[in-house]
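Worksheet: the structure to be examined is printed underneath.
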Amino acid sequence: MIPKYRQQFNQDFSQEKYSLLKEYLKQKSGLEPAFRVSESPIFLKKEFESKLIDASESIIDQIKTLSPDLLRKAVPDNCYVPGHTDKPHFLTIDFGICRSENGEIEPQLIELQAFPSLYAFQKVFEDTFCEVYPFLSEIRNKMPHEEFKNYMKDLILGNEDPENVILLEIYPEKQKTAIDFVLTEKLLGIKTVCLTKLKKEGKKLFYENEGKLTEIKRIYNRVIFDELDRILDLKTEFDFREDVDVKWVTHPNWFFKISKFLLPLLQHQFVPKSYFLHEFPENENLENFVLKPLFSFAGSGVNLNPTKEITDVIKDKENYILQRKVNYEPVFEDINGDFSKGEIRLLYIWRENDEPPILLENLARMTKADMVNVDFNKKDAIWIGSSNAFFAE
């Protein structure tokens with residue numbers, strides 16, 4: 001796709017430049033990425049970008065029509081957090097890069113989340129690709145870095161002093177996304193705080209900031225609920241379900257509301273048909289579907305080849321979906337003449353006074369395996385891992 005830029009990149013590529021890419025990322029953050037960084041960006045045509053935007057705008061319009069009562073059903077009662085907001089502050093939409101029956105390369109929706117992804121990292125990642133390969137600057141994201149920074153500050157800080165705003169995570173230093181936390185701190189001047197370090201007095205939350213107890217007024221939330229459930233003997237002063245005087249960015253309830261829960265409700269030519277497991281029609285063939293738990297991240301619990309024996313023993317069928325399989329097309333040629341498949345995630349923000357959300361960046365992932373997960377690739381595979389998409393005519 002876009003042979004001009006693919007050929008130029010492959011000609012310019014070297015292991016030295018790949019090492020330089022990773023070294024620049026380390027210099028900018030003080031950390032090495034804990035996930036694999038792909039050697040290459042992905043190049044896609046503007047025509048493909050238009051399809052992405054068209055599908056995303058349709059999905060967003062459909063989300064707007066959904067009733068609060070319906071969305072409330074997505075939130076388990078034992079996970080409901082008070083102080084809900086009318087909109088999610090973040091919206092990320094994942095598309096597989098596929099080939100249609102008529103031979104055209106097209107996006108197919110994989111999932112969507114109202115949860116912040118690697119916003120700060122991806123902007124730096126794009127900048128770094130352009131530093132190592134200057135020709136990429138002619139097709140880079142048109143949004144200047146300062147404009148991106150102002151959007152993020154307005155969204156996450158609001159009118160608060162940075163010392164009263166925190167990025168909240170559970171054991172952040174152990175997370176694969178720690179590099180994004182550091183770059184977010186640099187971008188916004190806020191601190192990353194572990195959930196176990198929060199102090200609670202009445203309805204107010206505090207953290208220790210340079211030796212003094214500092215009130216928290218806004219929380220940039222990066223805690224994933226199902227991760228909390230897996231941590232035994234977790235000791236905290238604060239439970240998410242308590243009513244406290246903070247502004248959530250974004251509110252934890254949206255983690256459930258904008259999720260795989262919506263996939264059976266959405267319609268578009270680039271949205272594969274999905275069903276809740278307990279509503280799967282008898283006239284459909286399981287072989288054509290992927291089984292996914294509603295509330296899991298990073299491919300956890302996904303079964304690419306479900307059988308009736310597997311689905312019959314699932315007790316909470318309402319917490320699973322079956323999504324029609326799509327065929328990822330290997331279109332990204334590496335220096336050895338082999339091809340990688342890919343996904344692209346659009347990173348939106350949705351400020352409270354904005355009618356439509358604003359697209360800030362993208363995140364791409366490359367693979368040579370059946371699942372877009374580095375762990376499923378051969379150890380010596382290249383052109384795999386986290387990447388960034390560039391669009392051109």
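Derivation of every value follows stated rules applied to the coordinates shown; laboratory data play no part. Values in this document were obtained by computation on a predicted structure and should not be read as measured data. All Cβ positions, even for glycine, are placed from backbone atoms using ideal geometry, and neighbour counts span all protein chains on display.
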Cβ-Cβ FRET estimate between residue 58 and residue 288, R0 fixed at 22 Å, reported to 0.05: 0.40
Using semi-axes √(5λ) of the Cα gyration tensor in Å as the read-out, say which of (1) 30, 25, 20; (2) 32, 29, 19; (3) 36, 26, 21 was calculated from these coordinates. (2)
DSSP beta bridges in the chain: the antiparallel percent, rounded to 5, is 75 percent
Within the chain, which DSSP H helices have Cα atoms that stretch 18 Å or more along the helix axis and a mean Kyte-Doolittle hydropathy of at least -1.0? 46-65, 119-132
Computed lengthening from residue 154 to residue 230, 0.36 nm per intervening residue step minus Cα-Cα distance: 24.0 nm
Do the alpha carbons of any pairs in 197/257; 17/217; 73/204; 22/212 sit beyond 32 Å of each other, and which pairs? 17/217; 22/212
Provide the packing ranking of 59-72, 321-334, i.e. peptides ordered by the mean count of other C-beta atoms within 10 Å per residue, highest first. 321-334, 59-72
Could you sort 145-155, 108-118, 220-230 so that the peptide with the highest average Cβ count within 10 Å comes first and the rest follow in order? 108-118, 220-230, 145-155
Inter-site label distance for residue 279 and residue 352 at 7 Å from Cα along Cβ, in nm: 3.3 nm
Sorting check: for 177-184, 231-238, 335-342, 206-213, which peptide has the highest mean count of neighbouring beta carbons within 10 Å, and how do the rest follow? 177-184, 335-342, 206-213, 231-238
